[in-house]
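Read-outs: derived from the displayed coordinates by stated rules, not from any lab. Fair warning: this is a prediction, and the values are worked out from it, not measured in the lab. All Cβ positions, even for glycine, are placed from backbone atoms using ideal geometry, and neighbour counts span all protein chains on display.
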Amino acid sequence: MASAIVTRKIKRVRAGARWLLQRVPRLRMPKLWMLIAQITLAVLCVLLLGLVAITEARRGVVAAKLDSLTAQAEIIASVITETAVYGDPPGPRMDNDSAREVLRRLSSLYVPDQSRAILHAPGPARIADSDLIAGQVEITPLPPPGEAVPAPQRPLGSWIESLFEPVSMLWTTPESRAYLERTLNEEVARAFETGEPQRGVRRGADGGRVVSVTLPIQLIQAVVGTVTYESYDLDELIAEERVFLGVFVVFAAGIIALGTIILTVSIAGPLARLSEAARRVRLAGGSRVPMPDFGRRGDEIGALSTAFSQMTNALYDRLDAIESFAADVSHEIKNPLTSIRSAAETLPLARDDAQRARLIAVIQHDVRRIDRLITDISNASRLDAELAREDLALVDIARLLGDIASLHHQDAEDAPPRVVVDAGTAPLLMRGHEGPLSRVFINLVDNALTFSPPGGVVRLMARRTGAAHGRLIVTVEDDGPGIPPESLETIFDRFHTRRPEGTAFGAHSGLGLAIARQIVNAHGGAIRAGNRPGGGAVFTVDLPAAR
């Protein structure tokens, strides 16, 4: 029983997860973002690699230097312990003169250039310095009498060092930063206090880095003195490392330049060409301007190029349609105007009242024809604006067809052909504009009723095909004479009229089917005409169904 409950819960969780995944939109990662990210990451990787390499190299240099100084200091401390440290009462002590002599003898062997050994006695008190023993003094030339002493010029390296200092401190541990601010006296005092070796990098009197090791000189547990070994060549070694860092910087700059070129060629260049093409379209005055084709790229620039091409083609098609529409309107209105002018010129010359009545009837008929044409033309010209302005809503095509059929049932006495609907019982939903869609089917039904014989049937049938992204197929059939094969496409042209015999001339503007196709196309559908095998015309409307 428990396992069955757990199984049901697992099934519910899986069903809920599937439902959620179906409704969460999939994230589309732009392809250009990947290109930019790859170039940026490449530059960052080179810089990080350089920083890590320099940091590791510096750590290695400092560690090797500390080990070398420690070994040399241990030799000096061991010799002093053996020859100058005594354990006589009242306690262990170091003979300063003997220790000084040991340092003098060993300094020439174990204290190379840019290094220094210092002995301290308890206090601490400095008792020996290898620089003083070797007679090394710093000579500074003085200016001529009466002239001020010039301020020391700061070398270029120190300026560069001051720029790199904040960056290098980011890669330094807190212990190393604390040791860097320690003085020699503090280092020696701490060695006397703890009896442990003190190793690290600190600043010298001139602000440069000094690698320093201070070892306590002990007899058993008593610290009788210290030996400090210093090296001053760390800044020179770091300067050499700067050369390697410069190589990495140049390499990174090369990658940045290469990335800039790639981005310019792949992004900025195509965008500039598209911008220039759009400017030429604006200045072309309606003539067709070819757009750059980047559709084969397969990224956002390619999609933008395709969208630009489609947009400009749609614009050119609209301009051509407007020009053609204006020509058709001019032609259609000119015919009744010509008839009215001819009748008006003939009217004063009429011989009797019957002839005048006929001419007046012609004028009135043509006026009504012009009024009908202007009304239909106005509706057709406002159609695009209405479709763009109104919001899409769910429209039940089955209900819409039923309402149209019931409207014609109320006028059954005036329209002998019957209108029947076969749309099933389930709703047939789509997203669209209900008003324009109803105009489509009303125009098709009116057209079918016009050609249907008395007692005929106009059949409206609707069904859905496919699953989630299916289609709605609506057919309008009549029992009339059908459509000539050569007119199956031209009947959708503006002002195309072909009516059965007996229909009043000028009663139809020829815009009904053209408006129907315009509305259907605006909804992403298609409309086509055909003939039934048993006789009669059939119009098929294919529309996208809602989920």
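A few notes on this one:
- Each of D235 and D371 was given a label point 7 Å from its Cα along the Cα-to-Cβ line. The distance between the two points is 10.4 nm.
- Over 18 Å [Cα-Cα, the range 182-272], rounded percent: 64 percent
- Legend: calculated FRET efficiency, D446 to S275, from the Cβ-Cβ distance at R0 = 41 Å, rounded to 0.05, equals 0.25.
- In this structure, T40 and R296 have a Cβ-Cβ separation that, at R0 = 41 Å, corresponds to a calculated FRET efficiency of about 0.95.
- In this rough spin-label picture, where each label sits 7 Å from Cα along the Cβ direction, the L347-R12 distance is 8.4 nm.
- Per-pair calculated FRET efficiency, R0 = 35 Å: R471 and T306 via Cβ, rounded to 0.05: 0.90
- Karplus-derived HN-Hα couplings along the range 522-535 (A = 6.51, B = -1.76, C = 1.60, θ = phi - 60°), whole Hz, x at Gly and Pro: 5, 8, x, x, 8, 9, 8, 10, x, 10, 6, x, x, x
- Under 5 Å, built H, 5+ apart or other chain: amide partners of R182: R203
- As a proxy for reagent exposure, R116, R279, R351 were ordered by neighbouring Cβ count within 10 angstrom, fewest first; the result is R351, R279, R116.
- Ranked packing of 450-463, 265-278, most packed first, by mean Cβ within 10 Å: 450-463, 265-278
- Here the simple spin-label model places points 7 Å from the Cα toward Cβ, and for A64 and R190 these points are separated by 2.6 nm.
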